1. How far apart, in nm, are two points set 7 Å out from the Cα along the Cα-to-Cβ line at Leu437 and at Asp88?
2. Take the Cα pairs of region 57-152, get the Kirkwood Rh, then feed it into Stokes-Einstein at 4 °C and 1.567 mPa s and tell me D in µm²/s.
3. Could you list Lys93, Lys181, Lys472 in order of exposure, starting from the residue whose Cβ has the fewest other Cβ atoms within 10 Å?
4. Under the Karplus relation 6.51 cos²θ - 1.76 cosθ + 1.60, θ = phi - 60°, what is the ordered set of whole-Hz ³J(HN,Hα) values for region 170-178, x standing for Gly and Pro?
5. In what order do Ser57, Ser319 fall by count of nearby beta-carbon atoms within 10 Å, going from fewest to most?
6. Suppose each label sits 7 Å from its Cα in the direction of the beta carbon; what would the Gln101-Glu468 distance come out to in nanometres?
7. When the distances between all Cα atoms of the chain are binned every 10 Å from zero, what whole-number percent does each bin get?
8. Convert each backbone phi in region 330-345 into a coupling constant with the Karplus relation 6.51 cos²θ - 1.76 cosθ + 1.60 (shift: θ = phi - 60°), then list the ³J(HN,Hα) values in order as whole Hz, x for Gly and Pro.
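Here, each number is a calculation from the coordinates, and none is a lab measurement. Owing to the predicted nature of the structure, the values given are computational and were not obtained by experimental measurement. Here the Cβ positions follow ideal geometry from the backbone for every residue, glycine too, while neighbour counts run over all protein chains shown.
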Amino acid sequence: MGFASTHDAQSATGEVASPIISRRSSVVSSLTKRPLLLLLVLFILLAPVVTRRIYASDEIKYFAYTHSLFFDHDLDFSNDYLHWYEVDPVKFKAIYTDLYQTREPLTGLPTNEAPIGTGLFWMPSYALAHVFALTAHALGANIAADGWSDPYIWAVCLTSYIFGCIGLLLCWSLASDFFGKRLSAFAVVIIWFSTSLVFYTIIAPPWSHATSLLAVTLFIWYWHRTRKPAGRLWWQWAILGALGGVTMLVREQDALFLVIPGLEALVALVTLWRARKPGWLLLARKWIGGFIVMGLSAFVAFIPQLIAYKVITGRFGPSQVVAGKLNWTSPNVFNVLFSPEHGMITWTPIIAVCLIGLIFFWRRDRLFAAVLAVAFFLQVYVAGSFLTWQSASSFGQRRFINCTVLFVLGLAAILSWAIARGIPRWLVLAVPVLFVLWNAGLLMQYALWCSPQRQGLDWAVVLRGQLEIPLKAPRLVWDFLFNRASFYRELPNC
């Protein structure tokens, strides 16, 4: 019996399979049977290719919180903005004119409309980077312990990547409750590589989106884990509220996800009122009391942002720069989804599949599917209220990365339905890969496009480029791995 596998491996020519190949096959088989291990291995393998630099204005705004609080112990970002401008006055001209020279009228401080959360959550790894820089400098290495040298930049970029990976693991955990571990892992990987998430975790990690993914998914994960007909214990409501407050610290619009426990409580109260069984009034009070505890806890968690508002703007509210970007009639609510140049479904067509998948998820958990749908359309409404709804020069509609858990559940639901209907498994699993290839083609084109072309999809350019990319892909992949700077230089005729 012990030699059966060796004899079974013989080929038609009588040759025995290489022991190395057998071991490799065994490893692959083990990984596919252990989806959590497979995800962890994938996260580790991709970590070395994560981009480690600060480039865009939003990245600088988040990083300014970390550096200023750690080194200067204040929220005056003057020296932070000047640092980046002096690094490259051409590239960072807007940092000087739009941030350094734009002062809050009540305080005279430079504006920073970015929330404080991402900068705070980078702080532990930033502190470790400072210890490393001090140690290396003391040992004679040419590393400045000034908060701007490579160790600090690497720390925040890799931390964002780790946050994104943890968020994806939580998505997998939630989906596994309904669709099995292997199918859920497949859905997670597909959503990662077929949406804007891959760009903002690997290529441009020091934005707020990876942190937002973690905060929102953790909030939804804990909400689901503590669901029960009789309601939560008071301390569970308090934790849920604190997690909700954390989502607001990272991105204010993530506060809309607090509608999920709100709708849950409303459904519970309506159900109790209709049934009016003995003790229903006591249960109703428990739900109302728990919801109040959640709100108070969320408020306490949001206090750091309120303090930041007061220090920077002189009032307990965001900069007027933010208010000036909003039109609450949401005139672009449909453009956000369907615009040929900027629409989320246009850039990321798998989102349409995921939204349809919510219908199939409804059959598994009606409340969960309903509250996710409401939360998503509230995000669409707010995104359509921004005058900058296009997210110009961004890769896709990055504001919806916070909805990743919805996309994973929707995709897993529709794949599970298709398999149950008897559609060949290979076909069910192969079709989503096409969306990954589409997104990979757009990513590679994005690296080649001039800035004006990044303002929106030009379909003649896009479709021609998607056909040409396979020929350019080997060179682009090589440059991405071994000549990363080539992706950041100015292209000719731009």
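1. 3.4 nm
2. 92 µm²/s
3. Lys93, Lys472, Lys181
4. Once rounded to whole Hz, the list reads 5, 4, 4, 4, 5, 5, 5, 5, 10.
5. The order, fewest Cβ neighbours first, is Ser57, Ser319.
6. About 3.8 nm, to one decimal.
7. 4, 16, 27, 26, 16, 7, 3, 1, 0
8. 6, x, 10, 4, 7, 4, 4, 8, 10, 4, x, 8, 10, x, 4, 6
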